[in-house]
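Everything below concerns the one structure shown next.
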Amino acid sequence: MSNTNIDYRDLANQIKQWAIELGFAAVGISDIDLTEHEGPFLKWLENGYHGSMNYMAAHGLKRARPAELVPGTLRVISVRMDYLPPDASFAKALASSSTAYVSRYALGRDYHKVMRNRLKQLGEKIKLQVDTLGYRPFVDSAPVMERQLAEKAGLGWRGKNSLVLSREAGSWFFLGELFVDIPLPVDEANKSNHCGKCTACLTLCPTGAIIEPYVVDARRCISYLTIELDGAIPVEFREKIGNRIYGCDDCQLVCPWNRYGQITKEADFLPRDSIKDKPLTELFMWDESTFLKHTEGSAIRRIGHERWLRNLSVGLGNAPYNEAIIDVLNTRLESASEMLKEHLLWALEKQRSKGNEQKRKTARLIRIIEKGLPRDA
Ligand code: SF4
């Protein structure tokens, strides 16, 4: 259809209908003016809160200027896809410190692939109506201010933990964007923030990464430390990481709005049995080919086998004392890189000192018994 004959209001309604049919839980359209977010973003970079994520700085303000990223862009269609699995078993997995905790978003198939594919389908449907359409799908893979765009598109507000929250769905969802070069009518931006006086995410973040409302210092964030960071995990955070071997969900778990979290409808996001709530020792024993086999099509694969072992070493050091843990840690010492070796030695030291403490307690108990128990014991 020629662009002059298009009723963009009708088309926008149609797009929303298609998006829902494609499995998105919510959809909204915004313009591309993100000027108000440029200052805070530059300040965040200036403070070094992006850590070693150099790509955050490399693209500069392109992140806040969609038309510089994709010339001709006029609107962004933001979508939400829920990922919470039906049996998330948060408490069970976090309470058992010999079990590996993987952030719930990463238990199933890689969301980048699932969502990009659906967004492409949405783009193609629009193109059938507007044959001159230019579009580009993005899912957390390019310099795009997806949370700010989602807020502008009316999908929710940015919580103090910096995630987008929805009154209907909490924050257990992914966001994706379709950049388009047609003048669709925009939706009303979200103007209300429903965090109120709550500060649960700030006070309960294990590493104090939310340094002030809406500002996360990635260098302290367990998601960054276990996924993005390519190198040694700073010692000061290792104990706080506990058994979280890939990402962290704590700032969402404590959020009262997540009582409205929606269970995913996507079979692709259902947890893989080989990854969910497995003993740390079992995952640690995977060789590289087993790691690649079990993480095929999963977001976890991106961190590679060495970082996987690094994270598991930290988890094993934090686990309760167990001779079997010392044995498995020792099996990797000889072939480990310098970086991994340092984590293995840290974990061995933690295990041994817990073991020694346990032995001291037992010896004390035996001495008491040998001295003789009171007559009425
Ligand atoms: S935990 Fe409280 S402050 Fe943090 S995002 Fe949720 S409602 Fe907002």
Log entry, pairs with first residue in region 62-89 being at positive phi, second being crowded, with 16+ Cβ neighbours inside 10 Å, beta carbons closer than 9 Å, six or more apart or on different chains, reads 72/134; 72/179; 72/181; 89/276; 89/277
If we ask which residues in region 190-214 are away from the ligand (no atom under 12 Å from the Cβ) and either crowded, with 16+ Cβ neighbours inside 10 Å or not aliphatic (A, V, I, L, M) (or both), their number turns out to be 7
Among the numbered conditions (1) buried (at least 17 other Cβ atoms within 10 Å of the Cβ); (2) assigned to a helix (DSSP H, G or I), tell me where residue 336 comes up short. (2)
Among the residues in region 67-84, are any modelled with pLDDT under 95 and among the aromatic types (Phe, Trp, Tyr)? no
Hits in region 165-216 - residues which are among the small types (Gly, Ala, Ser) and either under 17 Å from residue 148 (Cα atoms) or assigned by TED's automatic domain parsing to the domain that holds residue 23 (or both): 166, 169, 170, 171, 176, 189, 192
Please tell me if residue 156 is open to solvent by less than 50 Å² (accessible area, probe 1.4 Å), within 16 Å of the ligand (Cβ to nearest atom) and not aromatic (Phe, Trp, Tyr). yes
Enumeration of residues in region 249-305 that are surrounded by 15 or more Cβ atoms within 10 Å (Cβ to Cβ), among the charged types (D, E, K, R) and not in a loop (DSSP other than H, G, I, E, B): 250, 268, 301
Residues to consider are 103, 166; find the one that is within 16 Å of the ligand (Cβ to nearest atom) and either open to solvent by 40 Å² or more (accessible area, probe 1.4 Å) or in contact (Cβ under 8 Å) with a residue 60 or more places away in the chain (or both). 166
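The values are calculated or read from the model by the stated rules, or taken from the named source; none is laboratory data. Note that the structure is predicted; figures quoted are calculated from it, not measured. Cβ: placed from backbone, ideal geometry, glycine included. Neighbour counts: every protein chain shown. We work out accessible area using only protein heavy atoms, side chains counted, and drop any ligands, DNA or RNA first. Shrake-Rupley method; radii C 1.70, N 1.55, O 1.52, S 1.80 Å.
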